[in-house]
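What follows is one structure encoded as structure tokens, with my remarks underneath.
The values are calculated or read from the model by the stated rules, or taken from the named source; none is laboratory data. Predicted model only: the values in this text are computed from it and were never measured. Neighbour counts run over all protein chains shown; Cβ positions are idealised from the backbone, glycine included. These accessible areas exclude ligands, DNA and RNA; they are computed on the full protein's heavy atoms, side chains included. Shrake-Rupley method; radii C 1.70, N 1.55, O 1.52, S 1.80 Å.
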Amino acid sequence: MKISYHPHLIFGSIRESLIGKQIVKVRFAISNYFGVRSSDNTKKIEMNVLTSIRSGGLLQTKLNKETYQSIDSRLKFISLTSTALERLHQIQPRESTFQKQKFLIHQTNVYLDTLLAISEHLLKLSTMENGNREKEREKQKEVEELVNEVDRIASTAEFNQMTLFLGDFAKSSRTASMWFMKESGEKFQIFIATMTSKSLGLTDFKNETLSLSNPIEFQMKVKVAIERIRKERKEMVTVLK
């Protein structure tokens with residue numbers, strides 16, 4: 001399908017493409033540095049990765065041989081998001097009101113897909129056979145990084161400066177509402193549930209990340225998070241019909 005030129009659409013597509021290419025280069029660089037060239041666990045490098053142009057979109061961290069794989073896992077899911085958003089910008093125009101409405105819902109689904117993929121990966125981590133203490137620490141570090149990514153998505157995902165997953169448009173919100181209009185002129189309201197790590201049960205009331213030391217409790221809570229995300233995505237798809 002040929003997409004007619006639209007400055008906002010093209011800019012968005014190029015922006016996400018550049019973010020994705022940057023992440024590919026960073027993943028290659030850190031894997032090459034720690035996985036091949038260096039066997040010294042004490043060496044550290046600083047990493048600054050632009051994950052979005054929004055506030056909080058700069059991922060800054062220090063890596064060493066013990067932690068780079070958990071960071072790489074997180075970068076993989078950031079890349080997944082940027083690739084999907086790039087494709088969305090290419091195929092979904094945003095000129096009319098109805099097109100903008102569809103774009104918002106599709107964009108919401110892109111983020112929900114990444115949240116679902118992260119949660120499913122967390123569940124997989126908890127079912128992997130236990131290794132030595134070092135391997136267990138690496139797995140827990142990966143859990144922490146991915147839970148942080150859930151919160152990064154929640155804090156940066158937005159449409160026209162409207163945050164999508166911080167509860168502004170949840171059914172319990174008293175501060176905002178999101179009304180759409182069908183082609184017939186009929187108005188209808190949509191809600192977007194809060195999708196922070198705390199609301200999904202991936203962190204507790206003390207903001208501490210779930211621990212793999214209790215795999216049964218871990219799996220139970222992650223399964224609840226997966227169900228919540230799937231339910232929300234199903235409702236978003238229903239809106240498109």
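Output the number of residues of region 2-34 satisfying the condition of being open to solvent by 30 Å² or more (accessible area, probe 1.4 Å), part of a helix (DSSP H, G or I) and at pLDDT below 75. Walk me through how you get there before you give the answer.
Within region 2-34, the first condition is being open to solvent by 30 Å² or more (accessible area, probe 1.4 Å), and the residues that meet it are 2-8, 10-11, 14-15, 18, 21-22, 24-25, 27-29, 31-33.
Right, trim to part of a helix (DSSP H, G or I) and you get 7-8, 10-11, 14-15, 18, 21-22, 24-25, 27-29, 31-33.
From the residues that got through so far, the ones that are at pLDDT below 75 too are 7-8, 10-11.
Residues that pass the stated criteria total 4.
Filtering region 191-227 to residues that are within 18 Å of the chain's Cα centre (by Cα) and either β-branched (V, I, T) or open to solvent by 70 Å² or more (accessible area, probe 1.4 Å) (or both) leaves I192, T194, T196, K198, T203, T209, V222, K223, V224, I226, E227.
In region 85-129, of all residues being touching a Pro at 6+ places or on another chain (Cβ under 9 Å) and among the polar types (S, T, N, Q), the one that is modelled with the highest pLDDT corresponds to S126.
Residue check: is S172 more than 22 Å from E232 (Cβ to Cβ), of a type in the set (G, A, S) and without any contact (Cβ under 8 Å) to a residue 40 or more places away in the chain?
On the way: more than 22 Å from E232 (Cβ to Cβ): no; of a type in the set (G, A, S): yes; without any contact (Cβ under 8 Å) to a residue 40 or more places away in the chain: yes.
Against the criterion (more than 22 Å from E232 (Cβ to Cβ), of a type in the set (G, A, S) and without any contact (Cβ under 8 Å) to a residue 40 or more places away in the chain), S172 does not qualify.
For region 155-165, state whether one or more residues are aromatic (F, W, Y) and either surrounded by fewer than 21 Cβ atoms within 10 Å (Cβ to Cβ) or assigned to a helix (DSSP H, G or I) (or both). Yes. So for region 229-236 (the condition being open to solvent by 60 Å² or more (accessible area, probe 1.4 Å), closer than 19 Å to L104 by Cα and in contact with a Phe, Trp or Tyr (Cβ under 6 Å, 6 or more places away or on another chain)), does at least one residue qualify? Checked against the condition, which is being open to solvent by 60 Å² or more (accessible area, probe 1.4 Å), closer than 19 Å to L104 by Cα and in contact with a Phe, Trp or Tyr (Cβ under 6 Å, 6 or more places away or on another chain), region 229-236 yields no hits at all. In region 55-72, the residues that are at positive phi form Cβ pairs under 6 Å with partners that are modelled with pLDDT of 85 or more, at six or more places apart or across chains, as follows: G56/S155; G56/T156. In the set (1) open to solvent by less than 70 Å² (accessible area, probe 1.4 Å); (2) within 30 Å of E46 (Cα to Cα), the condition left unmet by L80 is number (1). Out of E129, E144, one residue alone is over 26 Å from K234 (Cβ atoms) and either open to solvent by less than 50 Å² (accessible area, probe 1.4 Å) or in a helix (DSSP H, G or I) (or both). It is E144.
Taking (1) within 18 Å of V237 (Cα to Cα); (2) buried (at least 16 other Cβ atoms within 10 Å of the Cβ); (3) under 22 Å from the mean Cα position of the chain (by Cα) in turn, F180 satisfies each apart from (3).
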